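To keep things clear, I will list the structure first and then write my remarks on it.
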Amino acid sequence: MYSDTENISKFEFYFPALSKMSDYFINIVNLSSQPTVVEYDLGENFIETYGNLLFQNCDFKAKVTLFKQETLIEAHIQIKGFTKLICDRSLEEFDYLVNVDKKLVFKYGKETKEITDDLIMISYGLHQIEIGQYFYELIGIQIPIKKLHPKYAEQDVKGGFNNLVYSTKENKKENKNQLIDPRWEKLKNLN
């Protein structure tokens, strides 16, 4: 017979990511009707659990305020902190500040599925919500596609996209000066 500690260590051995994810589960069975606040420090353990594709070397503080009702659970998520990003232009590392303030609604239903970005249906028998994946997605949305060091941000705004966008204004002027078939010219005057 194995003891419980041996079973836990075997579980962690075979499923290390799942055991780390358990840090980000919220037990919803015992929630009271009063607001419940849960706070998390999201750092290296968070990156190891969910991956470092979007960001690395981060330090976030997350606060989840849960409001339980009969048919739904409302979660107000606030995440503040920074992550290290690498500038696409200069390859310099810089701190990027992230500030997330989002409301998610977990509604009870027959099955567990995501209805919209803000509304998630959870089954009646569900005892825990894994909130870590939502942290990862909410932070990931805040990371810009074009990562520019703050010292280049003003240059990008001043130069803007005017240098990159093709404009046809000059071509339209040239076309107006060209000769137009006289038959079409008479049709334009019919108004």
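Every number here is computed from the coordinates shown, using simple stated rules; none is lab data. Model, not experiment: these values are computed from the prediction. Ideal geometry is used to build each Cβ from the backbone, glycine not excepted, and the neighbour counts take in all protein chains shown.
Of note:
- Per-residue Cβ neighbour rank within 10 angstrom, fewest leading, Tyr134, Tyr152: Tyr152, Tyr134
- Shape call, the stretch 4-149: gyration tensor on alpha carbons, a/c limit 1.5: oblate
- The stretch 43-133: trypsin sites (Lys or Arg not before Pro) falling in loop per DSSP and having at most 12 other Cβ within 10 Å: Lys110
- From least to most packed, judged by other beta carbons within 10 angstrom and beginning with the fewest, Glu74, Glu44 follow the order Glu44, Glu74.
- The label point for Thr116 and the one for Val37, both projected 7 Å from the Cα toward the Cβ, are 2.9 nm apart.
- Ranked Thr65, Thr49, criterion: other C-beta atoms within 10 Å, fewest first: Thr65, Thr49
- Annotation: for a label point projected 7 angstrom from Cα along Cα→Cβ of Gln155, residues of the stretch 77-111 with backbone N closer than 17 Å are 86-94.
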